[in-house]
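Reviewing the structure listed below.
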Amino acid sequence: MKGVVAMLKAMLSSLRDLLPIIVVIAFFQLVVLQQPLPALGSILLGLVLVVTGLTFFIFGLEMGLFPIGESMARSFASKGSLVWLLIFAFCLGFGTTIAEPALTAVAAEAAEVAAEGGLIEENFEVMDDYAGGLRLTVALSVGIAIMLGVIRIIRGWPIHWMIISGYVLVMVMTWFAPPSIVGIAYDSGGVTTSTITVPLVTALGVGLASSIKGRNPMIDGFGLIAFASLTPMIFVMGYGMLVH
């Protein structure tokens, strides 16, 4: 019974979160454009599916991903094995990023546009290799980023100097990278921090900071996502310099 009540509350919360989007779309469609909503039945069905899917997704995060991420971080910290902790951090960053649907979509679109622009051959195999190389580059960069973030938590390094230095490097590389890859690099930094990566990486940071004496989960536990957004821009621009 408690589970059903919790599910209904989560569903109402998801509907409340989506309500501003619904209001905006309805206002511009009905008031500004003064046109009826097309295929109202399909729209309502889609809305129900979105609310249901978002509810199950949030439930899954709270029941599975957040607890397992925090518990594994605490276990590695208690054992004091820095090497295995860093290996776990890299594999977590690499694995979650390579599975990101948003990254897959962006990489496929980038390969298609590159082929149309004459940067690569317009055949399936070459385009697939280009998209795969882009995904691997981003995944490697996020894996390394999570490792750096873990080291920062352990050592207590100030995050702002590391982030500032990284963005200075991004600005410098922007001048030298091929213009055709710069936009893709910047977008890659955004799509990596999506539905799969964010929950697990956040849980890792908070769990690790909670397990290390002298670390504050609020101050030290967050910030890994910033590294995961920053390093893909650097790596993808470097990838573009090599490929183009």
With labels modelled as points extended 7 Å from the Cα through the Cβ direction, what inter-label distance (nm, one decimal) is found for Met241 paired with Val31? 5.1 nm
Decide, for the range 123-206, between rounded, prolate and oblate: order the square roots of the alpha carbon gyration tensor eigenvalues as a ≥ b ≥ c, take rounded if a/c falls under 1.5, and otherwise choose prolate if a/b is larger than b/c, else oblate. oblate
Neighbourhood net charge (14 Å Cβ-Cβ; Lys/Arg +1, Asp/Glu -1) for Ser188: -2
Amide H of Ile120: which non-local residues (sequence gap of 5 or more, or other chain) have their own amide H closer than 5 Å, using H built in the peptide plane? Ala115
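At 0.36 nm per residue, minus the direct Cα-Cα distance, what do Asp128 and Glu116 gain on full extension? Give it in nm, one decimal, please.
2.9 nm
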Quick calc, the chain, dipole around Cα centre from Cβ unit charges on Lys, Arg (+) and Asp, Glu (-), nearest 20 debye, gives 1440 debye
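Using the reciprocal of the averaged 1/r over all distinct C-alpha pairs, how large is the Kirkwood radius of the chain in Å?
Final number for the Kirkwood radius of the chain is 20.3 Å.
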Heavy atoms only, probe 1.4 Å: what % of the accessible area of the chain goes to carbon and sulfur, would you let me know? 73 percent
Is any residue of the range 130-150 close enough, with backbone N under 18 Å, to a label point placed 7 angstrom from the Cα of Ala105 along the Cα-Cβ axis, and if so, which? 131-132, 135
With the other protein chains left in place, how much accessible area per residue, in square angstrom, belongs to the range 1-64 at a 1.4 angstrom probe? 76 Å²
Residue-level accessible surface for Met218, protein heavy atoms, 1.4 Å, Å²: 140 Å²
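The values are calculated or read from the model by the stated rules, or taken from the named source; none is laboratory data. Owing to the predicted nature of the structure, the values given are computational and were not obtained by experimental measurement. In this analysis, Cβ positions are derived from the backbone assuming ideal geometry, glycine residues included, and neighbour counts consider all displayed protein chains. Accessible surface is based on the protein model in full, side chains and every heavy atom, while ligands, DNA and RNA are left aside. Shrake-Rupley method; radii C 1.70, N 1.55, O 1.52, S 1.80 Å.
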